[in-house]
Ligand code: NAD
Ligand code: MG
């Protein structure tokens, strides 16, 4: 099967009455029919940012304005804009336009836009419809699916938020042609994650195709996105609000978040920190006797092949890691909970690494 503009490949996120489809195809943005079935009424608010608007906003609006009331909000770009103040700008625009409970918000952009628009939709008049149109690889394989929405607080990332599922996720793979190389690699970190936690055959496939994925082969990217979304959809359907198994989606993230927070958000991209973090998780799994030396070498090779960092930042000692890791939302009481690997393709959640072993692992990890 290959994707063509006229035949999106689709899958369903199975959440009972909150179920929704994910459609993947090049050119979806240009087809007004792709959005229409998911609109709650005639009022449509597209929210995007200053980088994405000149690239894709007019294309998305084309063919909608004749019979619908289409408005837009264009926010500045960057993680630092993921604040309640930006969400207030969205609410202000909705109220100024007189939009009611049957309006639909459309998030056109990466994960920053998607998270904010989802949160704005969750709260506006106690909840209105929204549609995700993700334009980064990371948002296409991860943040647009699963209903986690929110903003950052000065004291912590993603600290204010809600679970609020979109009506649909529309992935136009053509948008990846304009994505900077570093952002592509960052998205591939999350793609590799799905193979590592749940699908060894997908990991084999990624090893065989990483070069073409980096060259942005359209069919292979579509395939990688669909398989990633299918895995995320399965995990989310089993545990929508992260009472248990959904935490496995955080492979590499406890180490990764510590790196991002310590370095200052934006210096390392999230996916880059997750890349290094997944190798750290694999090496710790090796120390615990669960992975072989050859398994760890495979993880290192695919992370390097995706253009992701493997070493931890030179400026971070074990204390710097542990201090941040103790604040992780996954922890229960004061035990550090980590997602580790029982095997390649099989994640486990583990909170019994003895503190002294974790510290000596962190001391010895390559910088
Ligand atoms: P991002 O939204 O900041 O996008 C990265 C950069 O790419 C930005 O400068 C953006 O303007 C630009 N961009 C977007 N699409 C483009 C395109 N097609 N061509 C050129 N440039 C483009 O970052 P991201 O990596 O997409 O998302 C990161 C955010 O997602 C973080 O805030 C993170 O917390 C969140 N996130 C949420 C979830 C979730 O489950 N809700 C999961 C993972 C990450
Ligand atoms: Mg992530």
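Just so it is clear, none of the values below were taken in a lab; they were calculated from the coordinates. All of these numbers come straight from a predicted model, not from anything done at the bench. All Cβ positions, glycine included, derive from the backbone under ideal geometry; neighbour counts span all protein chains shown.
Distance in nm between label sites at residue 7 and residue 217, each 7 Å beyond Cα in the beta-carbon direction?
About 2.0 nm separates the two model spin labels.
At a threshold of 8 angstrom on Cα-Cα distance, excluding pairs fewer than six apart, so keeping six or more, what relative contact order does the chain reach in percent?
Value for the chain: 15 percent.
Hey, with R₀ at 35 Å, roughly what FRET efficiency would residue 328 and residue 85 work out to, going by the Cβ-Cβ distance, to 0.05?
Taking R0 as 35 Å, the efficiency between residue 328 and residue 85 is 0.85.
With the cut-off at 1.5 for a/c, could you classify region 25-131 from its C-alpha gyration tensor as rounded, prolate or oblate?
It is oblate, given that a/c is not under 1.5 and a/b is not larger than b/c.
Let me have the relative contact order for region 259-367, percent, based on Cα pairs under 8 Å that are six or more residues apart.
28 percent
Counting only DSSP beta bridges with both residues in region 41-177, what percent are antiparallel, rounded to the nearest 5?
20 percent
If you take the square roots of the eigenvalues of the alpha-carbon gyration tensor of region 206-278 and sort them as a ≥ b ≥ c, do you get rounded (a/c under 1.5), prolate (a/b over b/c) or oblate?
Because a/c hits 1.5 or more and a/b fails to exceed b/c, region 206-278 counts as oblate.
Roughly what % antiparallel, to the nearest 5, for the DSSP beta bridges in the chain?
Percentage antiparallel, nearest 5: 45.
What is the gain in length, in nm to one decimal, between residue 238 and residue 294 on full extension, counting 0.36 nm per residue of separation less the C-alpha to C-alpha distance?
Answer, rounded to one decimal: 17.0 nm.
When the chain is fully extended, how far beyond the present Cα-Cα distance does residue 178 get from residue 50, taking 0.36 nm per residue of separation?
44.7 nm
Show me 152-163, 247-258, 263-274 ranked by packing, highest mean number of other Cβ atoms within 10 Å first.
247-258, 263-274, 152-163
Could you state the number of Å between the C-alpha centres of region 68-82 and region 115-166?
Spelled out, the Cα-based centre of one part sits 13 Å from the other.
Taking only DSSP H segments of four or more residues, each worth -39500 (n - 2.57), what value at 222 nm results for the chain once the sum is divided by all its residues, to the nearest 500 deg cm²/dmol?
-12500 deg cm²/dmol
At 0.36 nm per residue, minus the direct Cα-Cα distance, what do residue 209 and residue 96 gain on full extension? Give it in nm, one decimal, please.
The span from residue 209 to residue 96 would gain 35.8 nm if fully extended.
Any idea what angle helix 270-287 forms with the longest principal axis of the chain, computed on alpha-carbon atoms, 0 to 90 degrees, nearest 10?
Once rounded, one gets 30 degrees.
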